[in-house]
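Structure, as structure tokens:
The values are calculated or read from the model by the stated rules, or taken from the named source; none is laboratory data. All values derive from a computational prediction rather than experimental measurement. Every residue, glycine as well, gets a Cβ built from its backbone with ideal geometry; the counts of neighbours run over all protein chains shown.
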Amino acid sequence: MTMAKAKDMTGSSTVAKINLGQLARDNGTFLALIALIVINMVITPNFLQVQTLYVNLTQVATIAIVAIGMTLVIASGGIDLSVGAVMALSGALAPFVFLSEFGMASPGLALVLSIAVALLAGLLCGMFNGWLINQFAIQPIVATLVLFISARGLAQVLTNGNLQVFDNPAFEFIGSGRVLGIPFQALMAVVFALILSWVVRRTAYGRYLLAVGGNAKAARLSGISVNRVRLATYAICGVLAGFAGMVVSAINSASDANQTGQLMELDAIAAAVVGGANLMGGKAPIIGALIGAAIIQLVKYTLLANGVHDAVALIAKAVIIILAVYFQFNRAE
Amino acid sequence: MFGMFNRSRDLRTEGVWIAVVLVVIFATLRYDNFMGLYNVQTFFGYNSMFILIALGMALVIMTGGIDLSVGSVVALSSVVAAYTSPYGIEVALPAGLLTGIAAGAINAFLITKMRIVPFIATLAMMLGARGMALVLADNKSVSVDWTSNFTKFGLTRAFGLIPWAVILAALVFLALWIMLERTTLGRRILTIGGNPEAAKLMGVPVNQTLAITYIISGGCAGLAGVILASGFGAGQPLEGLGWELSAIASVVVGGTLLTGGVGSIPATLAGAVLLGLIFNILNFENGLGVISLSAYWQSVIRGGFLLIVVILQSRSGGGLVRRRSTT
């Protein structure tokens, strides 16, 4: 049975006794997002402007992209602390390629190559995480701590800690381009989310992922290659982080190994959790991660647009995370 | 002396001491002033903050939990200590400590009463405490009162020899060591980490014990914040970024299982010292002028070092850092 069908069934069983409280609990995250939008319409000046939408879409995309990968990792029962550092590494590597002598000589090839190198770096980092966890049975939080510490260091060593400023309109399209009026990276976030939620629902990998996250031992006994599933999951997360790193560099027309992706692991975990991911594994609400990222972004925007101290936004974020997890837990009871 | 503390005489935790001794011997032979009084004083003075938060973190990890909030709590406590510094260290130190304890108590409430997993609860506290520090400090450093005795705590030495911060850290170290090895509370902490269900059935007050460990961890972070403000002359709302991960690394290097149930306070101290030594040695190495490693190499090397340690531990039969049920 697919997850969609399962959802339909629970939906129809509650129709008999329509219960607003139940409805609110089941769709809490989505309702929270709607509520945030309505509140903003009332209190935030110029909220319903296209410009506001662009600003928010541009800013939310990187969190959303990383949060999607994080959701898969969390679904496998793991965690990936290295995503922010991987962003810094990939974000620094891409300009490195097209700013090199070879890159200046043949810009077209260099552009393709730079994107490939950045994504490959993300892939390798993710596979390294997965390999450590599989091969040495190291806890994910420790295994990914290794790259959390050293991947940003590598990026800083590569760039000597300096900004790499560039002027490459083709590459900058990743961060500032628009397709049909929509920021490219926001579109990519949605595309990634749709593809991966299809993968989770319809492919063997998706079934295996949820099985591994739900009960790794049982999954192994039923013949699933737990190691291969984990490797693939961390690899996907790494590639998505690599992409997000390129987006940040492209937005700024510069790579900044010191700042790119700083604290992103926390935003991504928060978005995934607000979106309904369970740290114990076994649930992969990909679309939820998108909504979670949107909520975190909107709260930040609402407070900033209404002149609230930047730091208060951090406290608000903390409260949202606690409330989201608290209500999810109670629903599960 | 060691006979009293049998549980710390464990092959797994002795490895890190051997590493510390080897590194110290290497560095003493290679660098002239390594064992010099100035370097030793500065090293322990600066690392007392990291040792304190690693010790608190070790207790939390022994219960099978984690405390991601310590870095932010250090920042918050340093701001509070800076604001109370005109009243002297005898007020500012308790104020900073209480700040940390309050943060730890909120963590404990979220975890034991609201049943939120430690990773998420302390992640939220990490954001909340950072936000609170920035709000209180109005986004900038808060300079301390130089006329009171507050900065004397961070900048002078007891008997002209030992930095006060080191004495503070040493007292906490002894208290936690004895607590873990010799008291009921210590046994309960390890029992809960080993098997929470069994602990509950045995009548261990699980929630109460968990709450105490998070409060201790918060208190340690609070003391580290006082040292920070006093030693650097300012409450620093942006300091402490990533310190929680350094603390976790120290605990792991010290051989404490992240799954809980096993761990040692002295080995955690050794883990923190070992990680600190790497920085110290890199500074000396740069000073020799033979090689010139940028500061950025330090994080690469530190990560590589953590990698080697966890791999060695996972291979060495002891099954350290090994997941229990899933493999």
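When the stretch A:120-143 is limited to residues that are more than 10 Å from every other protein chain (Cβ to nearest Cβ) and closer than 13 Å to A:Val73 by Cα, the one that is surrounded by the most Cβ atoms within 10 Å (Cβ to Cβ) turns out to be A:Asn129. When you look at A:Leu263, is it more than 9 Å from chain B (Cβ to nearest Cβ) and either under 14 Å from B:Ile120 (Cβ atoms) or at pLDDT below 90 (or both), yes or no? No; evaluated as a whole, the condition is false for this residue.
Set side by side, the residues A:Leu231, A:Leu263, A:Leu240 differ, and just one is on the phi > 0 side of the Ramachandran plot and touching a residue at least 24 places away in the same chain (Cβ under 8 Å), which is A:Leu263. Run A:Ala61 past the list (1) within 12 Å of the chain's Cα centre (by Cα); (2) at pLDDT 95 or above and report the number of the one that doesn't hold. Result: A:Ala61 passes all but (2).
Can you spot a residue in the stretch B:143-166 that is within 14 Å of chain A (Cβ to nearest Cβ), without any contact (Cβ under 8 Å) to a residue 24 or more places away in the chain and closer than 27 Å to B:Pro86 by Cβ? Spell out how you get there, then give the answer.
Taking the stretch B:143-166 as the starting set, the residues that turn out to be within 14 Å of chain A (Cβ to nearest Cβ) are none.
Among the residues of the stretch B:143-166, not one is within 14 Å of chain A (Cβ to nearest Cβ), without any contact (Cβ under 8 Å) to a residue 24 or more places away in the chain and closer than 27 Å to B:Pro86 by Cβ, which makes the answer no.
Closer than 19 Å to A:Pro285 by Cα and buried (at least 19 other Cβ atoms within 10 Å of the Cβ): does that describe A:Gly213? Taking the combined requirement at face value, the residue satisfies it.
Against the condition over 20 Å from B:Ser246 (Cα atoms) and either within 14 Å of chain A (Cβ to nearest Cβ) or in a helix (DSSP H, G or I) (or both), how does B:Leu93 come out, does it pass? The answer is yes for B:Leu93. Report yes if some residue within the stretch B:190-199 is crowded, with 20+ Cβ neighbours inside 10 Å, within 14 Å of chain A (Cβ to nearest Cβ), more than 30 Å from B:Ala234 (Cβ to Cβ) and without any contact (Cβ under 8 Å) to a residue 40 or more places away in the chain; otherwise report no. No, the stretch B:190-199 has no match at all.
What helices (runs of 4 or more DSSP H) completely inside the stretch A:204-320 contain at least 3 residues that are hydroxyl-bearing (Ser, Thr, Tyr)?
On the way: elements: A:204-214, A:216-221, A:226-252, A:264-274, A:286-305.
Filter on the stretch A:204-320 gives A:226-252.
Report, by residue number, each residue of the stretch B:85-130 that is buried (at least 22 other Cβ atoms within 10 Å of the Cβ), without any contact (Cβ under 8 Å) to a residue 12 or more places away in the chain and closer than 24 Å to B:Leu168 by Cβ. Correct list: empty.
Within the stretch A:144-162, can you find the residues that are modelled with pLDDT of 85 or more and more than 10 Å from every other protein chain (Cβ to nearest Cβ)? Hit for the stretch A:144-162 is A:Thr144, nothing else.
Do we have any residue at all in the stretch A:275-284 that's more than 10 Å from chain B (Cβ to nearest Cβ), surrounded by fewer than 24 Cβ atoms within 10 Å (Cβ to Cβ) and under 17 Å from the mean Cα position of the chain (by Cα)? There is at least one residue in the stretch A:275-284 that is more than 10 Å from chain B (Cβ to nearest Cβ), surrounded by fewer than 24 Cβ atoms within 10 Å (Cβ to Cβ) and under 17 Å from the mean Cα position of the chain (by Cα).
Just checking, does the stretch B:124-134 include any residue being more than 24 Å from the chain's Cα centre (by Cα) and not aliphatic (A, V, I, L, M)? Within the stretch B:124-134, none of the residues are more than 24 Å from the chain's Cα centre (by Cα) and not aliphatic (A, V, I, L, M). Taking the numbered list (1) within 19 Å of A:Thr62 (Cβ to Cβ); (2) within 10 Å of chain B (Cβ to nearest Cβ); (3) of a type in the set (S, T, N, Q) in turn, A:Gln297 passes all entries but (2). Taking first residues from the stretch A:320-333 that are modelled with pLDDT under 80 and partners that are exposed (fewer than 15 other Cβ atoms within 10 Å of the Cβ) and in a helix (DSSP H, G or I), the Cβ contacts under 8 Å between residues at least 6 apart in sequence or on separate chains come to A:Phe327/A:Arg25; A:Asn330/A:Arg25; A:Arg331/A:Arg25.
Within this structure, A:Ala254 passes the test of being touching a Pro at 6+ places or on another chain (Cβ under 9 Å), away from chain B (no Cβ under 13 Å) and under 30 Å from A:Val157 (Cβ atoms). Residue pairs whose Cβ atoms lie under 6 Å apart, sitting 6 or more positions apart in sequence or on different chains, and linking a residue in the stretch B:240-269 that is more than 10 Å from chain A (Cβ to nearest Cβ) and in a loop (DSSP other than H, G, I, E, B) to a partner that is surrounded by fewer than 24 Cβ atoms within 10 Å (Cβ to Cβ) and hydroxyl-bearing (Ser, Thr, Tyr), are B:Ser264/B:Ser8. Of the residues examined, B:Ile61 is one that is within 30 Å of B:Pro266 (Cβ to Cβ), of a type in the set (A, V, I, L, M) and assigned to a helix (DSSP H, G or I). Restricting attention to the stretch B:270-327, the residues that are modelled with pLDDT under 80, more than 10 Å from every other protein chain (Cβ to nearest Cβ) and under 20 Å from the mean Cα position of the chain (by Cα) total 0. Being closer than 16 Å to B:Met57 by Cβ and more than 14 Å from the chain's Cα centre (by Cα) holds for only one residue in B:Ile212, B:Ile167, B:Ile178, and it is B:Ile212. Taken over the stretch B:192-209, the criterion of being outside any helix (DSSP H, G or I) and of a type in the set (A, V, I, L, M, F, W, C) is satisfied by B:Met202, B:Val204. A:Ala318 falls short on exactly one of the conditions (1) small (Gly, Ala, Ser); (2) more than 7 Å from chain B (Cβ to nearest Cβ); (3) under 15 Å from B:Ile120 (Cα atoms), and that condition is (2).
Residue pairs whose Cβ atoms lie under 8 Å apart, separated by 6 or more positions or on different chains, with the first residue in the stretch A:194-218 and more than 17 Å from A:Leu231 (Cα to Cα) and in contact (Cβ under 8 Å) with a residue 40 or more places away in the chain and the second β-branched (Val, Ile, Thr) and surrounded by fewer than 21 Cβ atoms within 10 Å (Cβ to Cβ), are A:Ser197/A:Ile287; A:Arg201/A:Thr2; A:Arg202/A:Thr2. Exactly one residue among B:Ile25, B:Ile61, B:Ile53 is at pLDDT 90 or above, of a type in the set (Val, Ile, Thr) and over 26 Å from B:Ile212 (Cα atoms), and that residue is B:Ile25. Screening B:Arg115 on (1) more than 10 Å from chain A (Cβ to nearest Cβ); (2) outside any helix (DSSP H, G or I) shows it passes everything except condition (1).
Given B:Ser48, B:Ser77, B:Ser85, B:Ser69, which one is within 14 Å of another protein chain (Cβ to nearest Cβ) and among the polar types (S, T, N, Q)?
B:Ser69
Within the stretch B:132-167, the set of residues being within 17 Å of B:Val73 (Cβ to Cβ) and surrounded by fewer than 24 Cβ atoms within 10 Å (Cβ to Cβ) comprises B:Val135, B:Leu136, B:Ala137, B:Val142.
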